[in-house]
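Notes follow the structure.
The values are calculated or read from the model by the stated rules, or taken from the named source; none is laboratory data. None of the values given here were measured: they were computed from a predicted structure. Positions of Cβ are backbone-derived with ideal geometry, glycine not excepted, and every protein chain shown enters the neighbour counts. These area figures cover heavy atoms from the full protein model, side chains too; ligands, DNA and RNA do not enter into them. Shrake-Rupley method; radii C 1.70, N 1.55, O 1.52, S 1.80 Å.
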Amino acid sequence: EQVALRELGAQSLQDIYDDTTELGEKRRELLNVYLNTMPMTEIEAYIPSLQYQMQDHCEAVVEDVIDTMRQKSQGGKFHAIFTTTSIPQAIVYYHLFKANAPHLNVTALFDPSLDNDNPGKVMYKENGLVEIIQDYNEKYHQNFTIPTHAKFKKDLSNRLAHKKPYINLQPEQRIDLLI
């Protein structure tokens, strides 16, 4: 609806419906296209990517995943992979899932190398990685660190794939969501 209003130069749907001119009729036809026939993927092309980083959007995404996780995972039978466009965004989502879905086993995996060009980003990434590994260690009784990240990644991969030593895991020992 917001995309349609912006593209049609209107403040509200009522503005479009109240316009009795020929232009108003064309705007109503286009409004119908935006609201009823245009695929969401096309509508998303109109939305600035910055919107996807806004807190409200991220919280709505997390809420939707939480609300549909049981059904989409067929009662916990399957794992989910949640992708993001950046490592900082992955850390943001990790914190949101951790805060809003403590009942889900959530972890994140990304390249541990640090780019020293931006000290603020380096610290955020390193702190996020330390927290993710520490949480994993606590939940699954492991002892990984940043220097042993390759072993952490292998353990996580084996856990997801139900490979040795994780062939017959109990639900509380599985990973529900990998970011």
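From Gln74, Gln134, Gln51, which residue is over 14 Å from Leu178 (Cβ atoms), part of a helix (DSSP H, G or I) and either at pLDDT below 90 or under 20 Å from the mean Cα position of the chain (by Cα) (or both)?
None of the others qualify; the one that does is Gln51.
May I ask you to list pairs of residues, at least six apart or on different chains, whose Cβ atoms are under 9 Å apart, with the first in segment 122-135 being open to solvent by 20 Å² or more (accessible area, probe 1.4 Å) and of a type in the set (Lys, Arg) and the second being at pLDDT below 95 and assigned to a helix (DSSP H, G or I)?
Lys125/Ile87; Lys125/Pro88
Go through (1) open to solvent by 50 Å² or more (accessible area, probe 1.4 Å); (2) β-branched (Val, Ile, Thr); (3) touching a helix residue (DSSP H, G or I) at 6+ places or on another chain (Cβ under 6 Å) for Thr145 and report which single condition fails.
In the conditions (1) open to solvent by 50 Å² or more (accessible area, probe 1.4 Å); (2) β-branched (Val, Ile, Thr); (3) touching a helix residue (DSSP H, G or I) at 6+ places or on another chain (Cβ under 6 Å), Thr145 misses (3) alone.
Taking segment 1-27 as the region of interest, how many residues are free of Cβ contacts under 8 Å to residues at least 40 places away in the same chain, surrounded by fewer than 14 Cβ atoms within 10 Å (Cβ to Cβ), part of a helix (DSSP H, G or I) and among the charged types (D, E, K, R)?
4
Filter segment 148-179 down to the residues that are open to solvent by less than 60 Å² (accessible area, probe 1.4 Å) and either among the aromatic types (Phe, Trp, Tyr) or assigned to a helix (DSSP H, G or I) (or both) and list them by number.
Across segment 148-179, the qualifying residues are Thr148, His149, Phe152, Asp155, Leu156, Ser157, Asn158, Arg159, Leu160, Ala161, Tyr166, Gln173.
Between a residue in segment 54-76 that is under 14 Å from His103 (Cβ atoms) and any residue that is of a type in the set (D, E, K, R), which pairs come within a Cβ distance under 8 Å, given they are 6 or more apart or on different chains?
Correct list of pairs: Met69/Asp176; Ser73/Asp176; Gly76/Arg70; Gly76/Arg174; Gly76/Asp176.
Taking the conditions exactly as written (surrounded by 16 or more Cβ atoms within 10 Å (Cβ to Cβ) and either within 22 Å of Ala150 (Cβ to Cβ) or of a type in the set (S, T, N, Q) (or both)), does Asn100 satisfy them or not? Before the answer, list the steps.
Working: surrounded by 16 or more Cβ atoms within 10 Å (Cβ to Cβ): no; either within 22 Å of Ala150 (Cβ to Cβ) or of a type in the set (S, T, N, Q) (or both): yes.
When the stated conditions are applied, Asn100 does not pass them.
Scan segment 35-54 and tell me whether some residue there is under 30 Å from Gln134 (Cβ atoms) and open to solvent by 80 Å² or more (accessible area, probe 1.4 Å).
yes
Can we say Ile91 is surrounded by 11 or more Cβ atoms within 10 Å (Cβ to Cβ), at pLDDT below 90 and not small (Gly, Ala, Ser)?
Answer is no for this residue.
When you look at Pro112, is it assigned to a loop (DSSP other than H, G, I, E, B) and open to solvent by less than 90 Å² (accessible area, probe 1.4 Å), yes or no?
Spelling it out, Pro112 is indeed assigned to a loop (DSSP other than H, G, I, E, B) and open to solvent by less than 90 Å² (accessible area, probe 1.4 Å).
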